[in-house]
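The values are calculated or read from the model by the stated rules, or taken from the named source; none is laboratory data. Small disclaimer: the values here were computed from a predicted structure and weren't measured. Note: ideal-geometry Cβ built from the backbone for every residue, glycine included; neighbour counts use all protein chains shown. Ligands, DNA and RNA are excluded from the accessible area calculation, which covers all protein heavy atoms including side chains. Shrake-Rupley method; radii C 1.70, N 1.55, O 1.52, S 1.80 Å.
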Amino acid sequence: QVQLVESGGGLVQAGGSLRLSCATSKIIFSLNVMGWYRQAPGKERELVADITSGGNTNYADSVKGRFTISRDNAKNTVYLQMNSLKPEDTAWYYCNARGGRFEFWGQGTQVTVSS
């Protein structure tokens, strides 16, 4: 059963923008941290950005100044606005929710940035 539903991935040219969305249930959305991870071919999954229920954000150094994570509490949705995309941002992007001993993952959405 899919608990986190991502959307918004696709193919974009370098320098372009995409906005990823992750919709979930109210119960899962209430967990302490919502985040986005990515995994490129041949590489390990890495944290891109996360946001706490209180709105505190954290970003990987590689995306600081280009990506913005946000959450809409009314829609139980977390977003990742990605600007100035680079070919090295190409990866599968996964939504994550965690809190206490609970953790959930989405099925992922593919982002491809062409040079």
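Restricting to the stretch 74-88, what's the tally of residues that are among the charged types (D, E, K, R) and touching a Ser or Thr at 6+ places or on another chain (Cβ under 8 Å)? Working first, answer last.
Just the residues of the stretch 74-88 that are among the charged types (D, E, K, R), to begin with: 75, 86, 88.
Narrowing further to those that are touching a Ser or Thr at 6+ places or on another chain (Cβ under 8 Å): 88.
Looking only at that region, the number is 1.
What are the residues in the stretch 15-41 that are at pLDDT 95 or above, part of a loop (DSSP other than H, G, I, E, B) and open to solvent by 40 Å² or more (accessible area, probe 1.4 Å), if any?
Hits for the stretch 15-41 are GLY15, SER17.
Out of curiosity, is VAL5 in contact with a strand residue (DSSP E or B) (Cβ under 8 Å, 6 or more places away or on another chain), outside any loop (DSSP other than H, G, I, E, B) and open to solvent by 70 Å² or more (accessible area, probe 1.4 Å)?
Taking the combined requirement at face value, the residue satisfies it.
So is LYS75 closer than 27 Å to SER115 by Cα and either open to solvent by 20 Å² or more (accessible area, probe 1.4 Å) or aromatic (Phe, Trp, Tyr) (or both) or not?
Criteria not met by LYS75.
Restricting attention to the stretch 42-67, which residues are part of a loop (DSSP other than H, G, I, E, B) and open to solvent by less than 80 Å² (accessible area, probe 1.4 Å)?
The answer is SER53, GLY54, GLY55, ALA60, SER62, VAL63, ARG66.
I'd like to verify a number: residues in the stretch 96-111 that are polar (S, T, N, Q) and buried (at least 16 other Cβ atoms within 10 Å of the Cβ), how many?
2
Here's the yes/no breakdown for (1) of a type in the set (Lys, Arg); (2) without any contact (Cβ under 8 Å) to a residue 12 or more places away in the chain; (3) more than 15 Å from THR112 (Cα to Cα):
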position	(1), (2), (3)
GLU6	no, no, yes
VAL12	no, no, no
ILE27	no, yes, yes
ASN32	no, no, yes
ARG38	yes, no, no
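Which count do you get for residues in the stretch 85-95 that are open to solvent by less than 60 Å² (accessible area, probe 1.4 Å) and assigned to a loop (DSSP other than H, G, I, E, B)?
The qualifying residues number 2.
Hey, among the residues in the stretch 96-115 that are in a strand (DSSP E or B) and of a type in the set (Ser, Thr, Tyr), which one's farthest from LEU31 (Cα to Cα)?
Applying the filter and picking the extreme gives SER114.
Could you please let me know if ALA49 is over 29 Å from SER114 (Cβ atoms) and hydrophobic (A, V, I, L, M, F, W, C)?
When the stated conditions are applied, ALA49 does not pass them.
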